[in-house]
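A short worksheet on the structure shown next.
Throughout, read-outs are computed from the coordinates displayed, never taken from laboratory work. Quick caveat, the model's predicted, so the values are computed rather than measured. Neighbour counts run over all protein chains shown; Cβ positions are idealised from the backbone, glycine included.
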Amino acid sequence: MVYINTGAILRAVRLEDYGKNVVVREVPEPAVERNDDVVVKVQAAGVCRTDLHIIGGMMKEATGNPGLPFTLGHENVGTVHARGSGVSGLELGDQVILHPQISCGICLPCRNGDDMHCVHSRSPGLDGTDGGFAEYVKASERSVVKLKKGTDPVEVAPLADAGVTVYHAVRKILPYARPDSYIAVIGLGALGQIAVQLLKNMTNSNIIGIDKSEQKLGMAEKLGANWVFPSGDDGGVKEALKVTGAKGADIVMDFVGENNTPASALSMIGRGGIYSVVGYGGEINLKTLQLVGMELSVLGNLVGTYRDLVDLMSLYYQGKVKIETRTFSLDDASTALSELSRGEIRGRAVLLP
Ligand SMILES: [Zn+2]
Ligand SMILES: [Zn+2]
């Protein structure tokens, strides 16, 4: 066991109380304790809707009732600053993107490649483990993907969670996405925008974009959606049925998952269709007769695998996925979070430590 701690102090955005604004505090630099530890000097960290859910206390139970305070931030990119003695594939200074989960590699889900279902995982910025809204964050060799020299950290940070989650969801529906399929994307924020790009590049299907914001509809159209229309009073159901010739969408990808959206999503799906859910917070009310009679499938999506992140980075380097970003300093973390909660961030907010 090695133990390296320079005793340095760093600045970090801490959640101290649920329901209260986050605060910037000075905390000790993370120490290398395990042989596979990698301490990363953070270059950029994406701000996610899940951060709002954590602050609001909605994630408490789902993340094992973490003790407070801890540092938020689970979309992290940076350079290797220190490493354990067992780390063989990374040099100091290498640029890396962090998979949101530090998985064990030993359990059966890990051996299946399903890092997000690891039974011994830690999730920096999510479950009480300190995250990347800080100058330094600790990861493990297993959880980081090495980037090409000179990669723009701000552009890729949102891919660490938003991107990998969408890629994972898109990969799951691929076998069902035929050239004449209609795929509706509900919610055209950062995740929906990534979805439109991935669907455009990975399928030959017809892509429908639905959102309440005209501006986001315009962006989705530019990114390759074949039809876009506002959600309006009925969540876009009528318009979706019109576009699909009344048969309904073959696949609906829901990046909202709250309020009336699950109900309208289910109303626009055709027979044999798939409801793929990424956004969360609401409820799905579905009669078993409708599920069976229409032979529907409902898919949940949780983050993505390590391999998904590797694939996504290849697509990024091929120029096939890009998301608009706006940068904020660590001190402005609260501003970024409140702008996100008011729907004022067009693509992704990214913190620069
Ligand atoms: Zn997230
Ligand atoms: Zn595991």
* If you count, for each residue, the other Cβ atoms within 10 Å and average over each peptide, how do 203-214, 339-350, 282-293 line up from highest to lowest? -> 203-214, 339-350, 282-293
* Could you work out how far the C-alpha centroid of segment 228-247 sits from that of segment 48-121, in angstrom? => 39
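Once you've got the Cα coordinates, tell me which of LYS60/LYS200; LYS247/LYS322; LYS148/LYS322; LYS60/LYS146; LYS172/LYS322 are over 26 Å apart.
On the way: LYS60/LYS200 36 Å; LYS247/LYS322 32 Å; LYS148/LYS322 16 Å; LYS60/LYS146 31 Å; LYS172/LYS322 21 Å.
Correct reply: LYS60/LYS200; LYS247/LYS322; LYS60/LYS146.
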* Using only Cα atoms, locate the centre of segment 16-42 and the centre of segment 170-190, then give the distance between them in Å, rounded to an integer. => 37
* Structure fact -> Fewest to most Cβ atoms within 10 Å: TYR18, TYR182, TYR316 sort as TYR18, TYR316, TYR182
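Just want the ordering: HIS99, HIS53, HIS120, HIS168, from fewest to most Cβ atoms lying within 10 Å of their own Cβ. Don't skip to the answer; put the middle values down first.
On the way: HIS99 29, HIS53 17, HIS120 12, HIS168 21.
Least to most surrounded, the residues fall as HIS120, HIS53, HIS168, HIS99.
Is there a quick way to get the dipole size of segment 43-95? I mean about its Cα centre, with the Cβ of Lys and Arg at +1 and of Asp and Glu at -1; what is the value in debye to the nearest 20? Could the numbers behind the result be given before it?
On the way: 3 positive and 5 negative charges, 27 e Å.
The calculated dipole for segment 43-95 is roughly 140 debye.
Where does each of 83-96, 246-259, 123-136 land if you order them by average Cβ count within 10 Å, highest first? Spell out each step's value before the answer.
Working: 83-96: 15.5, 246-259: 21.5, 123-136: 25.2.
Descending packing order for the listed peptides: 123-136, 246-259, 83-96.
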* Asked: Can you give the relative contact order of segment 224-353 as a percent, counting alpha carbon pairs under 8 Å and 6+ residues apart?
  -> 16
